[in-house]
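The values are calculated or read from the model by the stated rules, or taken from the named source; none is laboratory data. Source: prediction; values computed, not measured. Quick reminder, even Gly has a Cβ in these numbers, built from the backbone with ideal geometry, and neighbours come from all protein chains shown. Just so you know, the surface numbers come from the protein's heavy atoms only, side chains and all, with ligands and any DNA or RNA stripped out. Shrake-Rupley method; radii C 1.70, N 1.55, O 1.52, S 1.80 Å.
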Amino acid sequence: MIITIDGPAGSGKSTAARKVAARLGIPYLDTGAMYRAVTLAALEDGVDLRDEEALTRVAAAGDYELDLGPTHIRVTLRGRDVTEEIRSMCVNDHTRHIAASPGVRRVLVEKQREIGRRLGSIVTEGRDQGSVAFPGADIKFYMDAEVNKRAERRLHELWAEGEEVTLEQVLANVRERDRTDAKRSAGPLTEPADAIRIDTTALSIGEVVKLVLTHLRRAGLIGPGADKPGRGPHSEPPSP
Ligand code: DC
């Protein structure tokens with residue numbers, strides 16, 4: 001079963017994806033972490049972030065590994081745990097160049113599909129998961145929230161990570177990311193026509209998760225009581 005959740009920064013999609021995956025006991029794929037890992041690798045290699053070919057080579061080299069679980073994602077780059085480092089403001093500010101590279105997107109979308117095929121069931125979140133990576137997903141969600149609320153959420157995340165930033169800085173950063181997410185020609189943030197839209201502005205994370213599970217039940221993807229995934233078209237064949 002492939003569940004996609006797309007939406008802008010701070011819409012709550014990452015937390016929702018992680019919690020829904022944990023409830024279902026299936027891995028969640030944070031595709032933003034992939035773009036962030038490639039960004040960190042390119043920065044460490046001193047690659048010119050406008051050099052499309054060099055960026056694509058960094059992405060294709062695959063020097064990073066994702067350890068996906070229902071409650072965690074750990075990212076290693078050349079054997080070093082960079083799970084926290086990829087969330088820094090520095091990586092944040094540079095990732096939009098990497099996310100705009102058609103070559104990098106091609107490589108990463110192919111990796112995402114390969115992960116989907118290998119794992120069979122995942123909750124995957126990003127900007128293009130329902131539109132480009134998994135257009136045939138079993139169910140698609142699109143999450144959004146008012147920009148001030150999204151900036152506020154991101155501010156608290158950054159403070160929790162020890163970053164010294166103000167609401168004004170984060171708001172400017174979120175607005176800038178909205179602009180670049182929407183206007184890039186390769187893999188722009190897209191609300192798929194067949195996605196279920198959830199406005200999370202006034203909802204707690206518990207309410208968002210409940211809503212997603214209700215939609216999964218309605219679609220017959222999970223049973224009425226249990227949170228166990230049903231067998232969607234993407235499920236792996238049973239082992240002999
Ligand atoms: O979701 P996030 O903030 O971790 O994403 C980091 C960056 O990667 C952000 O600039 C958007 C981009 N991204 C993307 O272009 N496509 C995705 N599927 C996921 C993230």
### Message
For E163, only one of the following conditions fails: (1) part of a loop (DSSP other than H, G, I, E, B); (2) buried (at least 20 other Cβ atoms within 10 Å of the Cβ); (3) more than 16 Å from the chain's Cα centre (by Cα). What is its number?
### Response
(2)
### Query
So, in the stretch 174-194, of the ones that are farther than 22 Å from V107 by Cβ and more than 16 Å from the chain's Cα centre (by Cα), which residue ends up least open to solvent (accessible area, probe 1.4 Å)?
E176
## Note on the structure
Taking the stretch 166-188 and keeping residues assigned to a helix (DSSP H, G or I) and free of Cβ contacts under 8 Å to residues at least 12 places away in the same chain leaves E168, Q169, A172, R179, A182, K183
### Task
Report those strands (runs of 3 or more DSSP E) wholly inside the stretch 18-113 carrying at least 2 residues which are surrounded by fewer than 19 Cβ atoms within 10 Å (Cβ to Cβ) and away from the ligand (no atom under 11 Å from the Cβ).
64-68, 73-77
### Query
Which residue, of G69, G136, G126, is within 16 Å of the chain's Cα centre (by Cα) and modelled with pLDDT of 95 or more?
G126
#### Entry: Residue satisfying all of: in the stretch 123-159; away from the ligand (no atom under 15 Å from the Cβ) and not in a loop (DSSP other than H, G, I, E, B); least open to solvent (accessible area, probe 1.4 Å) among these
I139
### Summary
Restricting attention to the stretch 1-17, the residues that are part of a loop (DSSP other than H, G, I, E, B), of a type in the set (A, V, I, L, M, F, W, C) and within 12 Å of the ligand (Cβ to nearest atom) number exactly 1
